[in-house]
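Throughout, read-outs are computed from the coordinates displayed, never taken from laboratory work. Just so we're clear, the structure is a prediction, and the values are computed from it rather than from any experiment. Every residue, glycine as well, gets a Cβ built from its backbone with ideal geometry; the counts of neighbours run over all protein chains shown.
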Amino acid sequence: MHSLKKSLFALSLIAALGACKEDEPASQATPINTVASTMDLNVPVDFNFETTEQVNLDLNIEDAPLASKYLLKVYTTNPSAAASPVFSSFIDNGANLQTAISIPSGVLQLYLVMQAPDGSSFLTILPKTNTISHTFYQAKYKNQIESFGGPDCNNGCDNSMTLTSNLQADDEEDVYCITGTYNGNYSITVKDEAIVRLCGTGNIPNITINEGEVQIVSGADVVVTNFNINSDSDNELVVYQGGSLTITNWFSPNADVTNYGTMNVAALNVNSNCDLENYGTFTVTTTNFTTFNGDVENHGTFTVSGNASINGGSDFKNYCGLYFNGNLQHNGDIECRAYTKVGGKWTINGGAKHKMKDGAMAVCEDLLLNGRIEGSGSTSLFKVLDRTDANGGAQVKKNVEFCDANGIETQPNNLFRNGATESCSLVLPVDACNPEGNGQPQVQDADSDGVADELDAYPNDASRAADSYFPSENTYGTLAYEDLWPAFGDYDFNDLVVDYRYQQVLNANNEVVDLKARFVTRAMGGSLDNGFGIELDVAQNVVSSVSGTRDFNGIITTNANGTESGQSKAVVIVYDDASQVLVNTTGQAFVNTVNGNPSIDPDTADITINFSTPQTIVSLGTAPYNPFIFVDQTRGREVHLAGEAPTDLADASLFGTIDDNTNPNGDFTYKSSNNLPWAVHVVGGFDYPEERTDISQAYNFFSVWAQSGGVSFQTWYDDQPGYINASDLYIAQ
Ligand SMILES: [Ca+2]
Ligand SMILES: [Ca+2]
Ligand SMILES: [Ca+2]
Ligand SMILES: [Ca+2]
């Protein structure tokens, strides 16, 4: 049981960590403006002031209940709160999804919700890494033992050797690491709490544990004729994942055996002082009679080829796939939470109980029931393929459906009690532990695009199936510009402030059919009349139409599809003149940057870009794509985020002039010789500085973050105690 506990603990630990961010605790966050102005920052040359990072997803679904598409939603905060996903995508059962997503830097884990076509969903929390790999469903009951690894013969060895003579391992608590090929001539005896670690391959005639432990590690493949484990509470045999142990004679352990790998034993007798735990594949390979007197826990696949008896003292728990190919009789209790199959006759003796829980399934050819079958939790299914003989005293109780399709042959009065029913209609899905399931779940798909109505955001439109938002359906990112480029500005980053939210409309193949964008222009803290646009990383001719753009002054020429002319990539000019979008009716200089002046309502622009050919998520790139302003009606005077490429219409003669140090042929763009940008991008809510207030003054940790190359204070813009000088920010009147 220890691994299950460990994995649950690990999960709860991760969940608990989620409450705080990577930054220093708020109580220690005291103002430490290390520079007087942004101009004095000492910034690493390769830092582009990113507040987001890219995470690669490598996800699979295996053995899911339905042969259909599932909908993945990725959250950066707990989805049980009022959160909305940062990414959505379909995954077919049995298929792989590889894609890149953008998330705010400083996020420690991602919350992956998998929605099934039957309306069910479940949550997986994974620590953030550069690439997140995960397989859904397969691990439903099989615990996450992979992540715990195992010992090897390179570490922790007190004695390292090959097996060239009989070995008596008897130095107290020493680890004996045995590598190489075992030639079948030499035996091992373990005494005095020694640990023998087998890392090699081959045959060993006898292994005896008198006092101590034997470990079969990953990569080891060991065949043992006689494996004796004598009674001692400290004695243990552990086969790790990737390790294999075959025992060709009777195996009759008197102490604990734990298998994470592969164990094949010719014949098995589990003594009463043995606890047998299987997380991997355990097989009794011959039809010799198997007896269970000790406790068994199966979390993997456990197969008994012949007849077997589970005796009264055995506490037998099955959490995954349990197979008795012959007859089984039991006197003790079996608790089954997954799948149990008896190929022959299953006898449940008087006083014995087969307990089923939460949609478990049991199947046998014939049943002789003198004892009890009892369900708890959601309904379980007990299925008899041929003959059911239930005698007086037999009971089927509570949350169980009992299925004998050709009828119960003999039964007493009152066989079914407390809600148990005789029926075969319970629908149970196929999963990693239950290979047959029962019944066929129905999936409705009105537009036949392969996405169930339950998951289809466009259930009557076969070319559309989901919406994937960034940053999310109910949040925005912010783009904040300085507009004196190529000259330095004053670093209040409010000359033009635009919030954005993108909505990718996906078809059933995860291709982007439409890209919708909402741009909210909030502030104009400058006197220049700037335009604003975005460049997508796809050719202009894959766009079929663009709507929602505004051209006030006629300086932009467009193709028939609405993209800008003269561009190889798809460039969409949202508007050519911010001063006509955010019309200044206040009589004051600037719009929405001077505290005390009247405010102007922000402008909202909804842009829709339709693609003639649906684009893959990867080819389109990640939001915010490549947004830019062009300054004071001069189309070629573009200002982009640091590190982003100019469009084809940018005036290359301006690069490297005045304070700019752009090398458009390298990857050093829109930065000064001291690595300063002309724009910042923040996801998740950004209050820009008041007019002429340097961002390094308004945000106490901006300078620390910038000088660390984005490592420290990744959420410097968060409203946490000590982070913000509120009086330095613009407050709408
Ligand atoms: Ca029958
Ligand atoms: Ca559909
Ligand atoms: Ca659809
Ligand atoms: Ca400025």
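What to note about this one:
- The helix-only estimate of mean residue ellipticity at 222 nm for the chain, built from DSSP H runs of length n ≥ 4 each weighted as -39500 (n - 2.57), is -1000 deg cm²/dmol after division by the residue total.
- Straightening the chain between E422 and S105 buys 108.5 nm, computed as 0.36 nm per residue apart minus the Cα-Cα spacing.
- Per-residue ³J(HN,Hα) for region 361-372, Karplus 6.51 cos²θ - 1.76 cosθ + 1.60, θ = phi - 60°, Hz, x for Gly and Pro: 9, 10, 10, 8, 6, 10, 10, 10, 10, 10, x, 9
- Net dipole in debye of region 149-286 [+1 Lys, Arg Cβ; -1 Asp, Glu Cβ; about Cα centre; nearest 20]: 760
- For the chain: relative contact order, % (alpha-carbon pairs under 8 angstrom, 6 or more apart): 11
- In a simple Cβ point-charge model (Lys, Arg +1; Asp, Glu -1; nothing else charged), region 294-430 has a dipole of about 220 debye relative to its Cα centre.
- For region 615-658 versus region 192-241, the gap between their alpha-carbon centres in whole angstrom: 65
- Efficiency of FRET from Cβ geometry, N665 and A539, R₀ 25 Å, rounded to 0.05: 0.75
- Principal axis extents of the C-alpha atoms in the chain (largest first, rounded to whole Å): 95, 63, 45.
- Backbone amide hydrogens, once placed in the peptide plane, bring S160 within less than 5 Å of C177, excluding anything fewer than 5 places away on its chain.
- Exposure proxy ranking for L426, L369, L381, based on other Cβ atoms within 10 angstrom of each Cβ and starting from the fewest, stands as L426, L381, L369.
- Note on Q580 and S712: with the Förster distance fixed at 25 Å, the Cβ-Cβ geometry gives a FRET efficiency of about 0.05.
- Beyond 32 Å in Cα-Cα separation lie the following of the pairs K69/K397; K73/K317; K69/K357: K69/K397; K73/K317.
- Between the amide H of L729 and those of E690, distances stay under 5 Å, these residues lying 5 or more places away or on another chain, with hydrogens modeled in the peptide plane.
- Residues of region 108-123 with amide N under 17 Å of the 7 Å Cα→Cβ point at N78: 108-113, 122-123
- Kirkwood-type hydrodynamic radius, region 47-125: 13.5 Å, calculated from all non-identical alpha-carbon pairs.
- The phi-based Karplus calculation (6.51 cos²θ - 1.76 cosθ + 1.60; θ = phi - 60°) puts the 3J(HN,Hα) values of region 64-70 at 6, x, 10, 7, 7, 8, 10 Hz, whole numbers, x for Gly and Pro.
- Separation of alpha-carbon centers, region 674-723 and region 383-445, rounded to whole Å: 63
- A simple spin-label model places the labels of R518 and N42 4.4 nm from each other, with each point 7 Å out along Cα-to-Cβ.
- Dipole check for region 589-733: with +1 at the C-beta of Lys and Arg, -1 at the C-beta of Asp and Glu, and the Cα centre as origin, the magnitude is about 260 Debye.
- Residue among A508, G350, G243 farthest towards the positive dipole end of the chain, charges placed on Cβ: G350
- Taking amide H atoms as placed 1.01 Å from N in the peptide plane, the amide H of L367 lies under 5 Å from those of W346, R387, T388, D389, each 5 or more residues away in sequence or on another chain.
- Sequence ranges 644-657, 485-498, ranked by mean other-Cβ count within 10 angstrom, highest first: 485-498, 644-657
- Hz values of 3J(HN,Hα) by residue in region 130-135 - Karplus curve (6.51, -1.76, 1.60), Gly and Pro given as x: 4, 10, 9, 10, 7, 10
- Region 505-520 and region 96-123 have their alpha-carbon centroids 18 Å apart.
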